[in-house]
Amino acid sequence: MSVDRTSVSRPSVNRASVSRTGVTRGFTGRARVPNAGLPPGQYDAGDDWPVLSAEVTPQLAPEDWTLTVGGLVAEARTWTWDEAHALPSSVYRGDIHCVTGWSKFGVRFGGVSVDAFLDAARPSPGATHAVVHSYTGYTTNLPLADLTGGRAWIVWEYGDGPLPAEHGGPARLIVPHLYFWKSAKWVAGLRILDHDEPGFWELNGYHDRGDPWKEQRYSGD
């Protein structure tokens, strides 16, 4: 089977339009008592949204952001900010869970379902997985089954406003049924494959899938 190896690994960015702030590591707020309605080992972070990143936060202007879907597809596609916003909008309201232990109830994200982008690019019949790429070079892998069927979104809204840069703005992936490291910040593209290809944290000891209800935090869990 031939594979279109269209690169989506790290798009060219006008450096004049991108500034960088300090590395955002660690947590804000205080751990809460575990909640019986949460996955095992999680606590309710309440109003806090902890920031945890081993990368410098890129301040990427929306007009310079693009999303590319390439790899094993019928037609590699790239969307600008305006083109992505012209797609049918979709909202996620629900919970999110970080592998480090915090969860948030009833959050709202607005954007476009990943289905809309994949429907336009048309993954080939043999396609099974995607590697998601960020503007920072970060990667994570996902089965297509976890990205389709209304289970994942490219989002640029949080609550009633734009998604903050430290949380992945101008746009990030969210895959809320998995631990949040799978929800790549500063998303730049998806490379569609016919095999699994581990990303950054998966190569560094994290579980390949990351289901919070099965407590799949680390390799071997």
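Taking the simple approach of a point 7 Å from Cα along Cα-to-Cβ for both H85 and D221, what is their distance in nm? Placing both labels 7 Å beyond Cα along the Cβ direction yields 3.7 nm.
Placing pseudo-labels 7 Å out from each Cα toward the beta carbon at R122 and Y43 gives an inter-label distance of 5.1 nm.
Laboratory data are not the source of any read-out in this text; all were calculated from the coordinates shown. For clarity, every value in this text was computed on a predicted model and none was experimentally measured. When we count neighbours, we look across all protein chains shown, and the Cβ atoms used for this are built from the backbone with ideal geometry, even at glycine.
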